[in-house]
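Below is one structure, written out as structure tokens; the observations come after it.
The values are calculated or read from the model by the stated rules, or taken from the named source; none is laboratory data. This structure is a prediction, so every number in the text was calculated from the model and none was measured. Reconstructed Cβ throughout: ideal geometry from the backbone, glycine too, with neighbour counts over all protein chains shown.
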Amino acid sequence: MTTRRNVIFAALGTVVAAGAGGAVLIATRDQGASAANNQPLAAPTTAVTRQDLVRQDSVAGTLGYGGGFTVSAAGAGIITWLPSVGKVIGQGETVYRVNNQPVPLLRGSTPFWRPLAAGMSDGVDVKELEQNLSDLGYFHRTPNKEFTDATTTAVKKWQKSLAVPETGRIDPASVVLQSGDLRVTGVSGVLGQPAQGKILDASGTQRVVTVKMPVDKQSEAQAGGAVTVTMPDGSNVPGKISSVGAIATTPSPNGPDSNSGPTVAVTITLGAGGTVLDQAPVQVLFVAEHKEKVLTVPVSALLALAEGGYAVQQVTPAGRRLVPVTTGMYAGDRVEVSGAGVTEGMKITVAAE
């Protein structure tokens, strides 16, 4: 924390120096309780508390969507409809149209590599088809690898709902298969052109933040770790580190980040809330240090001793006295303290604002 030691630690003593931040007051331990007792009794007070401390580092990131991929066509016909950029397409919905017939989105991890129809051999592609038909409400049995009469019936019912010929057969080019819903990020196909080659650029619908993490802070980014993302509108959204790159990248000497050091790519998935803007700048708060159940005081309670080190000023029924402390972790406006005379609940003074 670059400013934590620039705080004016003041309660008693004499002015010995002055800088850009003002005078720094130094207390001497040989002033003793009598000198402390001469201080105004109306000084603000607080108590030493035992609590968890968390120090965070803020790193710039970019808001977007995960899972970029392309959608290609390999069938005959003419493109007659294309979606707009930003459109989200769900299971069973139309990705594009060929000869005015919909090419719908199905979910699966294994591409259809052959026509699916009665009489075919068993396969995982059949099970994926039946699972989709079940999800869409057309197949009412447990999906398996066998293409049965029930599968044919379900395919025909689905084709009827799409207003396409009820053949009971699915050709690979008649559907788009992806692992989940997609979001259109670019359109390459052209209306009136053959439905061949690249049609769309797309991504998943999960919002993610990408961060170029300085390598000297890489230890703060652990897969599965929790972070807080501050959105452009100022709202805070919880996030989870989903991946951390294993290769450091050095910025180009002529690029916009030429003055920065090597970084690793960190990807963060977001919880609910916040803006839906794409490619928006955000700030990500990583946990740099965390201590549990330590004694803490406000930074403004610290007094700089002339002989070095720090103290706090204890308030007792008999008056006030200086109690030397050893400082530890700083977090926000609080600091960890320890020492033989420091106890939880002890009443101390703080600098007046």
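Sub-6 Å Cβ pairs linking a first residue in the stretch 193-212 that is in contact (Cβ under 8 Å) with a residue 12 or more places away in the chain and closer than 15 Å to G86 by Cα to a second residue that is among the acidic types (D, E) and surrounded by fewer than 18 Cβ atoms within 10 Å (Cβ to Cβ), at least 6 apart or interchain, are T205/D181, ordered by first then second residue. Just to be sure before I move on: is S161 within 39 Å of the chain's Cα centre (by Cα) and small (G, A, S) in the structure I sent? No; evaluated as a whole, the condition is false for this residue. If you go through the stretch 206-231 and keep only what is modelled with pLDDT of 90 or more and within 30 Å of V95 (Cα to Cα), you end up with V208, V209, T210. The number of residues in the stretch 183-199 being at pLDDT 95 or above and either within 24 Å of V126 (Cβ to Cβ) or among the β-branched types (V, I, T) (or both) comes to 4.
Tell me yes or no: at least one residue of the stretch 111-123 is within 14 Å of Q159 (Cα to Cα) and either in a strand (DSSP E or B) or aliphatic (A, V, I, L, M) (or both). Yes.
Among the numbered conditions (1) modelled with pLDDT of 95 or more; (2) more than 14 Å from S174 (Cα to Cα); (3) in contact with a strand residue (DSSP E or B) (Cβ under 6 Å, 6 or more places away or on another chain); (4) surrounded by fewer than 21 Cβ atoms within 10 Å (Cβ to Cβ), the only one that Y65 does not meet is (1).
Flag: G90 matches the condition of being touching an Asp or Glu at 6+ places or on another chain (Cβ under 6 Å) and either in contact (Cβ under 8 Å) with a residue 60 or more places away in the chain or basic (K, R) (or both).
Please verify whether E344 is in contact (Cβ under 8 Å) with a residue 60 or more places away in the chain, of a type in the set (D, E) and under 12 Å from V48 (Cα atoms), treating the condition exactly as stated.
Details: in contact (Cβ under 8 Å) with a residue 60 or more places away in the chain: yes; of a type in the set (D, E): yes; under 12 Å from V48 (Cα atoms): yes.
Yes.
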